[in-house]
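First up is the structure itself, then whatever we jot down about it.
The values are calculated or read from the model by the stated rules, or taken from the named source; none is laboratory data. Because the structure is a prediction, the values reported are computed rather than measured. A quick note on method: Cβ atoms are made from the backbone with ideal geometry, for glycine too, and the neighbour counts reach across all protein chains shown.
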């Protein structure tokens, strides 16, 4: 009987440790005020959509989460010009767009400035968050990945 209790206790501890190390997205506004955008308790894809300031075209950047942050996996844009990437990853044309895939660039955090251009948003698990609705024009928006344990330590159970 003691062996069964020990096995059950071990399973519970391992399950609890797994849950506490689940990943969470955190939105930080302006480096001064921290606000949780939406915790996501599973790994997922994040899409950043914006209008390129020079070329005036939409750009889509696709990221996945890693243990330490984010990995850029793909960038999609409709024309090529100054400031648009071309040197990293596999270049192809798909449905009239330029696509850079397999970029494998890692970031500990993602930092953007809120722009006056339309359609600047983050898409997390299918939900769009427009940056100009989250923070004033020109402010910095930073996204980090934290474990659930770190999240609870920093923010409690609010």
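For this structure, a couple of remarks:
- Per-region count, the stretch 58-78, residues farther than 11 Å from residue 97 by Cα and either part of a loop (DSSP other than H, G, I, E, B) or over 12 Å from the mean Cα position of the chain (by Cα) (or both): 5
- Subset of the stretch 57-97 [closer than 19 Å to residue 142 by Cβ, at pLDDT below 85 and exposed (fewer than 15 other Cβ atoms within 10 Å of the Cβ)]: 66, 67, 68
- Of the residues making up the stretch 89-118, just one is outside any strand (DSSP E or B) and under 14 Å from residue 62 (Cα atoms), namely 89.
- The number of residues in the stretch 130-146 being within 22 Å of residue 57 (Cα to Cα), modelled with pLDDT under 85 and surrounded by fewer than 16 Cβ atoms within 10 Å (Cβ to Cβ) comes to 2.
- When the criteria are applied in full, residue 100 meets the requirement of being more than 12 Å from the chain's Cα centre (by Cα), at pLDDT below 85 and surrounded by 16 or more Cβ atoms within 10 Å (Cβ to Cβ).
- For the stretch 40-54, a residue qualifies if it is at pLDDT below 85 and either under 10 Å from residue 124 (Cα atoms) or touching a helix residue (DSSP H, G or I) at 6+ places or on another chain (Cβ under 6 Å) (or both), and the qualifying residues are 40, 44, 45.
- Checked against (1) within 18 Å of residue 44 (Cβ to Cβ); (2) at pLDDT 80 or above; (3) loosely packed, with under 13 Cβ neighbours inside 10 Å, residue 122 passes all but a single condition, namely (3).
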